[in-house]
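Novice: Below is the structure I would like to discuss, written out as structure tokens.
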Amino acid sequence: MRFDGWYIEGFGLFRGYEVRDLPDGLTVLLGPNEAGKSTLLAFIRGVLFGFPDGRSAAPKYPPLRGGQPGGRLFLDSEEGTWTVERVGQPYVRSVYLPDGSAGTQDDLDALLGHADRDVFGNIFAFSLEELESLAALEADSVKERIFAGGVVGRTGRPPREALKTLAQRAGTLLKPRAAAAEINRLNRELKGIKTQIREARTAAQSYPKAVEEREKAAKDVKRLGDALAAKTIELERYRALLDLAEPWSRRATAQEEIQRIRVPEGVTEEAQDRLNGVLLEIKGARTRRDTLREELRGHEERLAKAVVDDALLPVADEVKTLFRATSAYESDLERIGSARRQRESEDDKLLSELERLGPAWDRARVEGFDVSIPTAEEVRSRGRSMREAGNEVNRLGAELERVSRDVKETSGEVSRLEGDLQAVGSPPAHEELGRGEGALASLRASLQDEVAATGSVERAEEALGNARTMLAASVPLPPGVTGRQRISFALFGGLFFLGAAVMAFASQPVPAVVFGVVGALLIGVALGNRRVTPASGPAKVPGIGERVAQTERQLKDRQARLQEIRDAIASEAARLELGPSPSASEVEERALLMARQREARRQHESVSKSLESQQTKLVGLERDKASLGGDLERARSEAEAREQEWVTWCAARGVPEPLSPEGLNDLFTSVGRCKESLARLKETEGELEELERGAADLEERVSAVLSSGHASSDLAGAEMVAAIQVLHERVREDEETRNNRKGIQTAIDGTNKEMALAQEELGAAEERRDAILKDCEAADEAELKSFVERLAHTKQLQETVGASTETLETRLGKGKSADQMLEELETGDRARWQAEIKRLEDEIGELGLKRDDALRRDQDSTQEVTKIGQSSDVARLETEAEACQHQISQRVARWQVTSLARGLVCETLDRFEKKHQPKVVARASALFKDVTDGHYETLAVRDGELDVVDSHSTRIDVRNLSTGAAQQLYLCLRFGLAEEFAARGTSLPLIMDEVLVNFDPERAAGVARAIAEVSEKQQVLVFSCHPETADMMREARGDLRVIELERFAGSAPIEAPVVPAPELNPEPSPSAEFDWGRAIVDFLSAAGRLCGKSEIVAALGMPQKEWTGSIRALIKAGIVMQYGERRGAQYGLLGG
Amino acid sequence: MRFCFVHAADLHLDTPFSGIGKVDPDIAGALQEASLQAFDALVELAIARTAKFVLFSGDIYDGPERGVRAQLRFLSGLRRLDEASIRSFIVHGNHDPLLTGWSAMRGGWPRLVTQFGHHEVGQVPVEQDGETVATVCGISFAQRNETANLALRFDSGSADGLRVAMLHCNVGGIREHDPYAPCSLEDLIGSGFDYWALGHIHRRRILREGDPWIVYPGNLQGRSPRTEELGPKGALVVEVNDRDINPPEFVPLDRVRFARIDLDATELPDLPVLQEGLLGEARALQVASEGRPLLLRASVTGRSPLHRDLVREGAVDGLLQVLRDEVSGTEPFLWWDEVEDRTLPERDLDKVRKGKDFAAELLSVADELKGADASRQAFAEKYLAELPAGELKALGVELPPSPGPADLDEAAVLALDVLGGEER
């Protein structure tokens, strides 16, 4: 693959910058600093492998002069020219194959021999800076880059880096003496678990021993427990002797005293209690008897004071009844008074209503008069019927009056219109007016045509005169076409003819004709138009005669046309009764007259139409008037008939005099009120009669009672009520007195009975007292008390004996052992007993300790047996061990694969280096020897380290070389690698940016020769700012191409003003004869302002190489002045 | 006369689960109890079915250092069977040979338990209503490495009732298991027995269906993610009518089940889809396990775009953790033991081989090593020398075998991944 060229749309300073047709061999891009060489290198790398994105720290080169970011490279292969494009923001990559179809990334990869960005950057396209950075690297890294990194191919990571990664991965899994490595860590963990498992298993195997220990301990516990129990029993026996000595002594003393005390046999504790009880009964009976005597006396006194009235007893019930009726009697008296007032009020209202109805009305007539709802409804129906008849009469009368008024108005309008019609007269008809207007329009058009035709004839006559004059003079054409242009016209004409032939051949008639005509014209111009030179005479213009004849024909035609128009004018004027050549004023007067006639005709027709309408309306109104008169008469008759029927109906109903229906309704209302008043009066009178009858009955009964009760009987009203209340109070008090007497008598009877009982109880109690004293052989109550006290003491002593006996029996029980204990107690040898107790306590303490120890052993061994029996330690630990083993197995497998992968990369790298390194080193050695003019003989690789061997066979470490020599060495290594790549299918152009600057002239020349040699096989582009570099390259290889770059190159200035370019002679010749200085002056003159170089060069299509010489000559000649420095310099005509 | 018996083998009571990574403490507890609970379930099954007897065909325990807990639990179960008047017959296998190890049961077996010795084949009649309905014969391993053909010692003779033979052995040299007490199918067929109650093979197999029945019931509880340990595990209930045997009924008794998911990721676009796919498979397995806890191991295969994602360091562990989080706290529990990345890169290695670059050279080196055993051995020794194989083996770690061609392929893929900048 090689570069054919590039087109930069916008990238850094570049805009619209194109280079094509780069040679296969060597190209030098020569430009000063800031001409864009590094930018161009970045552009080429970016288009091939992508531009750095926003995250990258690499320079971005935005298009400073505008334009779409990016551009395209043109790459040549055996198949043809490829185009690789990256444009837009973000960049979009497109690949176009030589046949124009779109390609893929794979196609591009194949074209680039699968080289990636790093390979291209490391081996093929590099700058001085990158060369220096390479030299500064450690030897191993250099080796990596040169021998390994450079040959990675499609893989993305250098093998040594991959080796590091794999070693690191393997190291995290397994590494000798690395505690953190996973397998090492798990190994330790597993060992710990295994130790625990051994311990757990040992513990499990001790199970039988633990069971045996438990059984032995259980036996000891039982044996010692038995011994302890026996000693404890003996100890308890002696403790009991000590404890029982006191109760034993107490019982003996009590038994002796009991023997000494004497008490009669009849004396018991109950005898004293019974005597006390009887004495209390005697005292109580006496007290009760005295109290009852007092009560009896009080009863007899109260009975004597209670006196009654026997006369009130027979009327007591009647008095109570009448007393209860007095409150109703009082309210009836009040109601009688108010009923009487109401009766008088209603009677007054009735009289007033009757008076309002008239003298003929009384109670009887009111009651007999019918004011029912059906009758009232009939009255309203008849009233409605009579109102409707009257309304109809009124409506028809008003309608008849309105129609009569319309008849009168319409008659007046008819008379007015008839007068108007007569005043308008009889204007011409429409048809006649139309014909006149048509003739007038035609006449106007003809008059305008006449003016135009007259002008045309006059211009034709003038043209004819001119043509005839030219024909007579044969005037030459103005100059314009140079000889060079004529050749161009001829060439283009030929091309167009050729195009016409192609079109015709392609059955495209229209384009063929167009091409033919254009071709003919161009050839015509080329042949018939010549530059005026002093040596040549005037040239005749061909075709003037034909033009005169043609003009004459046109004149005749126009004159004929003018005559036709004038004939038409005469005809139209005659129709309008005008002369054959009417003037414009005549025509306009005629038009005005016709307009007035048209208006009169319109008015006549309008009035006639209105008159006809009014006449028709008048006939209709007359007909309506007659009809309404008949209807009005019939309505009046109907109204009268209904009034007569009403009079008859009133008479039949007894209406005092004929009333209107509304009046009769009012009468109905008044009679109704009379009826209601009469009803209320009757109701009040009935109620009053009933009340007065009830009051009289009550007064009669009261009078009877009072007379029998020793009181006045002629009382009524409030006095009668007061008298009955007094009598009622006396009856109530008499009843109370009678009830009191009954109660007192009952109490006297009861008290007498109780007194008899109390006397009986007293006698019986005294008898029981005497019997008790006799039974106890006591003379009196005091002796009996003494006997009882003796008895109580004896009882206490017996209790003491009982309690002591119980204590002894409780502690000793019964049987032989108890008897022995009692015998021992009789001895009372307490000292011996205490000595025995001390001895036994010591023995029991010792036995207790032994038994506790046995119990502890029993408990421990039982726990141990249970623990071992239930333990899941072995299972748990083995599960953990299994998990750990599994994890180790997994990691070992992973480590094994990783280590094998590392081994594969190592072996491959070793083989790769051995396979490719000798060629690369051999080629680099040869080049380095040439470059150093034999100072360094060869290169040698030892243990992966690169050395150089000088002419004295001394091996020198690369790191000990000077900067320049090291750079020369690395250049040679790159050339060797590039050739190795090419041999393996990755053949790419070499691009070097300013890589010779650190070399002395001699070594630089040597390097130039090496580059020239390389360029015989591979395309080489050298970027430099030093013209001498180009010279050296030219010296090394004569057929190189040098492309010069300007500082701040690119094409258009930033935001260049848009100024139309002045018309210059087109297509300036590239020949040396062409005067570019004159062209620049013409351009500046036409522009009339200061212009920049880029603008001038672009507008003139001026080669860059012509600019410097031309502009300097103009400045030197004082024609053009430069304003400002080179960057942004502006040029203008001196004095302009 | 109708009756039934239960046939179980390879109980491996209270033994560790092997081949799985670390699990949560709660789950570890459940795993420790699983084999014992499965045995409890076996006892319940025999009682519920009113079995006439229960056959334990070897490997009751996992090793001579049998745990006390396992022995006591076993004894407890036998006592329960005894109380239910169910006879138990025991032969010992290679894991619990008769003469090694120790016994915590010095008090002897319950009345209805028969432990067959190792000198000669024992013979015990089983009676019902005064009539001998079956005769059970068996012999135990004396030592672990029992290489004699014990089957040849069996002679049904004139035994009454159903003739049952119990033996822990490897019939026909089944590869996955050690060749202890080897014998052939023919040795068993011509022996005159009606039912060979075998043990030793953990996958349930019926080698012959009738005349005689030759049956491996499989182990009672799966113990590892290995193939033969996957799926339902339990015992067989055998219905008998005089000497007619119905096809044995398998009753799953395992308390934790192992399952494996193999997922082809060729068409899967990204990790979330892979995750969802794995979870979907797990849900289906949960349904099939009838409420049992599950231990899952997943293997992702295929030439897939996911290879680039999965080879990144920590990606598989991250996926495993996400899967565990997704099912965390579910009852019964579901534990993702491991996710294996067996995917291959999308790139065509044959195409890479045709190139001239480093990758092509690397594949060439790998291919050469694959084809030459001696070179491969030397290559492995050179690059695997750091492995403390002896120490690890002494600790019981199962080490991968010497690298074979497949390992070279895997290593080459890894090398290309790392060279290509794809993390692993």
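The values are calculated or read from the model by the stated rules, or taken from the named source; none is laboratory data. As the structure is a prediction and not an experimental result, all values here were calculated from the model. Backbone-built Cβ (ideal geometry, glycine too); neighbour counts: all protein chains shown.
Novice: Among residues belonging to region A:4-32 that are in a loop (DSSP other than H, G, I, E, B) and small (Gly, Ala, Ser), point out the one that is surrounded by the fewest Cβ atoms within 10 Å (Cβ to Cβ).
Specialist: Checking each candidate, the answer is A:Gly16.
Novice: Next question. Within region B:203-218, how many residues turn out to be within 24 Å of A:Glu882 (Cα to Cα) and modelled with pLDDT under 95?
Specialist: So the count comes out to 1.
Novice: Quick check on region A:1013-1039: of everything there that is crowded, with 21+ Cβ neighbours inside 10 Å and among the hydrophobic types (A, V, I, L, M, F, W, C), which residue is farthest from A:Arg974 (Cα to Cα)?
Specialist: A:Met1032
Novice: Looking at B:Arg342, B:Arg257, B:Arg324, can you tell me which residue is more than 14 Å from every other protein chain (Cβ to nearest Cβ) and surrounded by fewer than 19 Cβ atoms within 10 Å (Cβ to Cβ)?
Specialist: On inspection, the qualifying residue turns out to be B:Arg324.
Novice: I need a count of the residues in region B:341-367 that are of a type in the set (Val, Ile, Thr) and assigned to a helix (DSSP H, G or I).
Specialist: 2
Novice: Residues that are modelled with pLDDT under 85: list the strands (runs of 3 or more DSSP E) wholly contained in region A:925-984 that include at least 3 such residues.
Specialist: A:936-942, A:945-950
Novice: Can you work out which of the residues in region A:848-881 that are surrounded by fewer than 22 Cβ atoms within 10 Å (Cβ to Cβ) and facing chain B (nearest Cβ under 7 Å) is modelled with the highest pLDDT?
Specialist: Applying the filter and picking the extreme gives A:Arg876.
Novice: In region A:164-175, what residues are facing chain B (nearest Cβ under 9 Å) and of a type outside the set (Val, Ile, Thr)?
Specialist: Selection gives A:Leu166, A:Arg169, A:Ala170, A:Leu174, A:Lys175.
Novice: Counting only residues that are under 20 Å from A:Glu577 (Cα atoms), part of a helix (DSSP H, G or I) and in contact (Cβ under 8 Å) with a residue 40 or more places away in the chain, how many does region A:411-449 have?
Specialist: Within region A:411-449, residues that are under 20 Å from A:Glu577 (Cα atoms), part of a helix (DSSP H, G or I) and in contact (Cβ under 8 Å) with a residue 40 or more places away in the chain number 12.
Novice: Let me ask something else. List pairs: first residue in region A:994-1015 and of a type in the set (S, T, N, Q), second residue assigned to a helix (DSSP H, G or I) anywhere in the structure, Cβ distance under 7 angstrom, at least six positions apart or on different chains.
Specialist: Here the result reads A:Asn998/A:Thr963; A:Asn998/A:Gly964; A:Asn998/A:Gln967, each pair linking region A:994-1015 to a residue that is assigned to a helix (DSSP H, G or I).
Novice: What about A:Leu715, is it surrounded by 15 or more Cβ atoms within 10 Å (Cβ to Cβ), modelled with pLDDT under 85 and part of a helix (DSSP H, G or I)?
Specialist: Criteria not met by A:Leu715.
Novice: Moving on to the next point. Being acidic (Asp, Glu), in contact with a helix residue (DSSP H, G or I) (Cβ under 9 Å, 6 or more places away or on another chain) and away from chain A (no Cβ under 11 Å) narrows it down to one residue among B:Asp40, B:Asp26, B:Asp10; which is it?
Specialist: Residue meeting the stated conditions: B:Asp40.
Novice: Same structure again: Give the residues of region B:399-418 that are within 7 Å of another protein chain (Cβ to nearest Cβ) and part of a loop (DSSP other than H, G, I, E, B), sorted by residue number.
Specialist: Hits for region B:399-418 are B:Leu399, B:Pro400, B:Pro403.
Novice: Hey, another quick one. Kindly establish whether B:Leu220 is part of a helix (DSSP H, G or I), surrounded by 20 or more Cβ atoms within 10 Å (Cβ to Cβ), at negative phi and touching a strand residue (DSSP E or B) at 6+ places or on another chain (Cβ under 9 Å).
Specialist: Taking the combined requirement at face value, the residue does not satisfy it.
Novice: Can you name the number of the only condition in (1) in contact with a Leu (Cβ under 9 Å, 6 or more places away or on another chain); (2) more than 10 Å from every other protein chain (Cβ to nearest Cβ); (3) within 28 Å of B:Leu294 (Cβ to Cβ); (4) surrounded by fewer than 18 Cβ atoms within 10 Å (Cβ to Cβ) that B:Gly396 fails?
Specialist: For B:Gly396, the failing item is (2).
Novice: Could you check region A:185-218 and list, in sequence order, the residues that are within 15 Å of A:Arg876 (Cβ to Cβ) and at pLDDT 90 or above?
Specialist: A:Glu189, A:Leu190, A:Gly192, A:Ile193, A:Lys194, A:Thr195, A:Gln196
Novice: Which one of these is farther than 20 Å from B:Arg297 by Cβ and without any contact (Cβ under 8 Å) to a residue 40 or more places away in the chain: B:Asp14, B:Asp40?
Specialist: B:Asp40
Novice: Listed residues B:Leu285, B:Leu295; which is aliphatic (A, V, I, L, M) and outside any helix (DSSP H, G or I)?
Specialist: Only one candidate passes the filter, namely B:Leu295.
Novice: While we're here: Could you identify the single residue in A:Arg876, A:Arg839 that is closer than 30 Å to A:Leu244 by Cα and free of Cβ contacts under 8 Å to residues at least 40 places away in the same chain?
Specialist: Exactly one of A:Arg876, A:Arg839 is closer than 30 Å to A:Leu244 by Cα and free of Cβ contacts under 8 Å to residues at least 40 places away in the same chain, namely A:Arg839.
Novice: Please verify whether A:Tyr238 is surrounded by 15 or more Cβ atoms within 10 Å (Cβ to Cβ), over 60 Å from the mean Cα position of the chain (by Cα) and modelled with pLDDT under 85, treating the condition exactly as stated.
Specialist: It is false that A:Tyr238 is surrounded by 15 or more Cβ atoms within 10 Å (Cβ to Cβ), over 60 Å from the mean Cα position of the chain (by Cα) and modelled with pLDDT under 85.
Novice: Please specify each residue of region A:1101-1136 satisfying the condition of being surrounded by fewer than 19 Cβ atoms within 10 Å (Cβ to Cβ), more than 20 Å from A:Glu34 (Cα to Cα) and of a type in the set (A, V, I, L, M).
Specialist: A:Ala1113, A:Ile1115, A:Ala1117, A:Ile1119, A:Met1121, A:Leu1133, A:Leu1134 - these are the residues of region A:1101-1136 that are surrounded by fewer than 19 Cβ atoms within 10 Å (Cβ to Cβ), more than 20 Å from A:Glu34 (Cα to Cα) and of a type in the set (A, V, I, L, M).
Novice: Conditions: (1) at pLDDT below 95; (2) in a helix (DSSP H, G or I). B:Asp40 meets all but one. Number of the miss?
Specialist: Going through (1) at pLDDT below 95; (2) in a helix (DSSP H, G or I) one by one, B:Asp40 breaks only (1).
Residues are listed down the side, and each one gets a yes or a no for (1) in contact with a helix residue (DSSP H, G or I) (Cβ under 7 Å, 6 or more places away or on another chain); (2) touching a residue at least 60 places away in the same chain (Cβ under 8 Å); (3) within 30 Å of A:Thr807 (Cβ to Cβ):
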position: A:Asn184; (1), (2), (3): no, no, no
position: A:Leu190; (1), (2), (3): yes, yes, no
position: A:Ala200; (1), (2), (3): yes, yes, no
position: A:Pro208; (1), (2), (3): no, no, no
position: A:Glu212; (1), (2), (3): no, no, no
position: A:Ile233; (1), (2), (3): no, no, yes
position: A:Leu241; (1), (2), (3): yes, yes, yes
position: A:Ala254; (1), (2), (3): yes, yes, yes
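Novice: I've got another one for you. Any chance you could count how many residues in region A:690-707 are out of contact with any helix residue (DSSP H, G or I) (no Cβ under 9 Å at 6 or more places or on another chain) and either outside any helix (DSSP H, G or I) or under 16 Å from A:Glu334 (Cα atoms) (or both)?
Specialist: 3
Yes or no, residue by residue, for (1) away from chain B (no Cβ under 14 Å); (2) in contact with a Phe, Trp or Tyr (Cβ under 9 Å, 6 or more places away or on another chain):
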| residue | (1), (2) |
| --- | --- |
| A:Thr954 | yes, no |
| A:Cys972 | yes, yes |
| A:Ala978 | yes, yes |
| A:Phe981 | no, yes |
| A:Ser987 | no, yes |
| A:Val997 | yes, no |
| A:Glu1002 | yes, no |
| A:Ala1005 | yes, yes |
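Novice: In the list B:Lys370, B:Lys382, which residue meets the criterion of being at pLDDT 90 or above, at the interface with chain A (Cβ under 7 Å from one of its Cβ atoms), assigned to a helix (DSSP H, G or I) and closer than 29 Å to B:Arg347 by Cβ?
Specialist: B:Lys382 is the lone residue from the list that is at pLDDT 90 or above, at the interface with chain A (Cβ under 7 Å from one of its Cβ atoms), assigned to a helix (DSSP H, G or I) and closer than 29 Å to B:Arg347 by Cβ.
Novice: A:Glu913: farther than 25 Å from A:Leu29 by Cβ, within 14 Å of chain B (Cβ to nearest Cβ) and touching a His at 6+ places or on another chain (Cβ under 8 Å), yes or no?
Specialist: In short, no.
Novice: If you don't mind, another one. B:Gly329 fails exactly one of the following numbered conditions: (1) within 24 Å of B:Leu414 (Cα to Cα); (2) assigned to a loop (DSSP other than H, G, I, E, B). What is the number of that condition?
Specialist: So B:Gly329 meets the others, but not (1).
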